[in-house]
Amino acid sequence: MKLDPKVPSGPLEDKWENHLEDIKLVSPNNKRKHNIIVVGTGLAGASAAASLAELGYNVQTFCIQDSARRAHSIAAQGGINAAKNYQNDGDSVWRLFYDTIKGGDYRSRESNVYRLAQNSNNIIDQAVAQGVPFGRDYGGLLDNRSFGGAQVSRTFYSRGQTGQQLLLGAYQAMMRQVHTGKIKNYPRQEMLDLVVVDGKARGIITRDLVNGTIQKWEADAVVLCTGGYGNVFYLSTNAKNSNVTAAWRCHKRGAAFANPCYVQIHPTCIPVSGDYQSKLTLMSESLRNDGRVWVPRKKGDDRRPNDIPEEERYYYLEERYPSFGNLVPRDVASRNAKMVTDEGLGVGDTGLAVYLDFRDAIKRDSKEAIAARYGNLFDMYENITDENPYETPMRIFPAVHYTMGGLWVDYNLMSNIPGLFVAGEANFSDHGANRLGASALMQGLSDGYFIIPYTVGNYIAGEDLEKVSTDHKAFDEAAKASQDQLDKLLAVKGDKSLIQFHRELGKIMWDRVGISRSKEGLETAIEEIRALREDFWKNVRVPGESNYYNKYLEFAARIADFFELAELMAIDALDRDESCGCHLRDEYQTEEGEALRNDEDYAFVSAWEYLGVNGKLETKLHKEELEFEFVELKQRSYK
């Protein structure tokens, strides 16, 4: 396996423009001769599909939902970053680039991150042109608010529904092309395999989730936009349909999986309420603009929060990080929430929660002003907890949210399999060891609108792509392999439910590969995952049949993939003897409990090659060394 990042030479600010000048082009008359598959219709997928079809390519889109607009991108609430500097507070493309590199704890490519910062301003213009209803100030100009890890206001927002509004913009652009006939959209289809012919990605295998049929689709290039893998933890902020199957099956066909251990634990979620909860609910990071995070100073203080006087409240983020206060990055806020609850200062019935208090903001700005900014989030919180956050502080606790790891891609967002492009959260590209808030929407739209349309064309123009039909033996082999696995799952006929296995896997992952990890805990996790996977293939019960709508079978295949991914995540975490960003190893901390990196030995991207599963996952590590030419490597500080 060769990993060539293909980073252009030259000054950082000129790399993308110089690359565009050298990129190969496909003439308008030739574009209509080429078919491109886009898997996933969230922000990255919908924007990529709309842009490619607008250019003239024939596009086929696939999504597991009944509608493209139901993608999990709608769940991103707080906002999208851009370096417009409308606040005139000193922002710039360079500052956005630097904050993102620093926020990721210096574990991402400089070139990719700088391009992301450059594209950010174009994204806002694109969205405004589509009619996305961004918040505006009294004078009618686009408004901004702050997010963690930055000392400027650069986050554009649409109340607490930014992801949904941006997705509707991308969706309408995509559906315009559906109506022109340039896009053929296939909902309720799940990708089960990648078809590789002569070393190149030439199509996919899907299962129709309604009638159960296995189907074959050919193309000249495949663009994977299928999101992250946080549901390996069972409880996460992800929709229950979010999964890793498409990316994992590409990995098993030869695509390198990069940095799987980098998983973001979001600090602002509604705490777990019971053993039979199926998912967790995110409270947007934007709330930390006005909400103050605190716990009682005394252990076991069970008074109502409004009865605890100011001097007996521990505003731990404000005290420990005076420069950033409650707007420290997510990994720092999550780690500190764990620290204070470990000390016995947590609140609520379980003690695994902290307060997010809007008392002072309401007193300062009025209840009406706070409602205008966060009203739908407050309503959602009250609907779930039956507590009024205008009167009683919210209770929050960290939960699995976003995954920085994903399939390895080069500067063109192409994996090491030629013709397989990966965009959005499904790739590892831009966030290093920790994603700053409001950067997921930015990356998805940057990839889809402003990178994929160029780089897919560059690939097609430079390759000799012989005509391939779905009658090719590679399609038959992949389709058979997909059906065989489904049949194997149905044939087990054990006595344990899917949810039971998934919940047990999630507990192992949360306890040992969660907010913090240790060598001993990771070694134990690997053994426990292997044992549980073996039990799964002996004792799982999957009701029903494969030739019709069967939600049990659908989830069973995804959980089987989660077992293999979970082992790789633990292996990757064990291999990395350092702490960085969201990857905290207990053995590697400063005296103040901050992450302690090892740049001499671990300033690289871990790219894993799949070799098989034989009792244990067989995998091989490849390294892409990270070069920092424009940013000085130093210990992060938000104090």
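The values are calculated or read from the model by the stated rules, or taken from the named source; none is laboratory data. Computed from a predicted model, the values in this text were never measured in an experiment. No Cβ is skipped: glycine too gets one built from the backbone with ideal geometry, and neighbour counts run over all protein chains shown. SASA here: full protein model, heavy atoms, side chains in, ligands and nucleic acids out. Shrake-Rupley method; radii C 1.70, N 1.55, O 1.52, S 1.80 Å.
Dipole of the chain (Lys/Arg Cβ +1, Asp/Glu Cβ -1, origin at the Cα centre): which of T245, M174, L584 lies farthest to the positive side?
M174
At a Förster distance of 60 Å, what's the computed FRET efficiency of E600 paired with D66, Cβ-Cβ distance as r, to 0.05?
Details: r = 51 Å, r/R0 = 0.85.
Efficiency, rounded to the nearest 0.05: 0.75.
K616: which lysines have alpha carbons under 18 Å from its alpha carbon, excluding same-chain residues fewer than 8 sequence positions away?
The reachable lysines, counting only those whose Cα sits under 18 Å from K616, are K252, K538.
Compute the distance from the alpha-carbon center of the stretch 184-216 to that of the stretch 99-135, in whole Å.
Cα centres, the stretch 184-216 to the stretch 99-135: 31 Å.
Taking the mean number of other Cβ atoms within 10 Å as a proxy for protection, how do you rank 216-223, 345-352 from highest to lowest?
Ranked by mean Cβ neighbours within 10 Å, highest first: 216-223, 345-352.
Starting from 0.36 nm per residue, how many nanometres of slack lie between N306 and S278 once their C-alpha separation is accounted for?
Answer, rounded to one decimal: 7.0 nm.
Would you mind putting 358-368, 118-128, 403-413, 44-54 in packing order, based on average other-beta-carbon counts within 10 Å, highest first?
The densest-packed peptide leads the list: 44-54, 403-413, 118-128, 358-368.
For the stretch 102-199, state which chymotrypsin sites (Phe, Trp or Tyr not before Pro) are in a DSSP loop and have at most 16 other beta carbons lying within 10 Å of their beta carbon.
Y138
If you take every DSSP beta bridge whose two residues both sit in the chain, what share of them, in percent to the nearest 5, is antiparallel?
70 percent
About the Cα centre, and with charges only on the beta carbon of Lys, Arg (+1) and Asp, Glu (-1), how big is the dipole of the chain? Nearest 20 debye, please.
Rounded to the nearest 20 debye, it is 1620 debye.
Tell me, how many Å apart are the Cα centres for the stretch 578-635 and for the stretch 305-320?
Here the two parts' Cα centres lie 36 Å apart.
Can you give the translational diffusion coefficient of the chain in µm²/s, computed by Stokes-Einstein from the Kirkwood radius over Cα pairs at 4 °C and 1.567 mPa s?
Using the Kirkwood radius from Cα pairs, D works out to 52 µm²/s.
Using only Cα atoms, find the angle between the long axis of helix 43-55 and the longest principal axis of the chain, and express it within 0 to 90 degrees, rounded to the nearest 10.
40 degrees
Going Cα to Cα from K24, which lysines come in below 21 Å? Please leave out same-chain ones fewer than 8 positions away.
K6, K15, K33, K200, K467
Hey, what number do you get for the chain at 222 nm if only DSSP H runs of n ≥ 4 count, each worth -39500 (n - 2.57), divided across all residues, to the nearest 500?
Value at 222 nm, helices only: -11500 deg cm²/dmol.
To the nearest 10 degrees, how steeply does helix 498-512 sit against the main Cα axis of the chain, on a 0 to 90 scale?
Long axis of 498-512 versus the principal axis of the chain: about 60 degrees.
Just the number please: accessible area per residue for the chain, 1.4 Å probe, all protein chains included, in Å².
38 Å²
Distance from the Cα centre of the stretch 354-424 to that of the stretch 1-39, in angstrom?
34 Å
Can you give me the angle between helix 519-539 and the longest principal axis of the chain, using Cα atoms only, in degrees from 0 to 90, rounded to the nearest 10?
Roughly 50 degrees between the two axes.
In the structure displayed, which of K338/K519; K216/K507; K84/K279; K102/K298; K551/K620; K240/K488 lie more than 26 Å apart, Cα to Cα?
In this structure, K216/K507; K84/K279; K102/K298; K551/K620 exceed 26 Å between Cα atoms.
Restricting to DSSP loop positions (anything but H, G, I, E, B) with no more than 15 other Cβ atoms inside 10 Å of their own Cβ, which trypsin sites (Lys or Arg not before Pro) remain in the stretch 1-106? Display every interim value, and only then the final one.
Details: sites: K2, K6, K15, K24, K31, R32, K33, R69, R70, K84, R95, K102; in loops: K2, K6, K24, R32, K33, K84.
Answer in residue order: K2, K6, K24, R32, K33.
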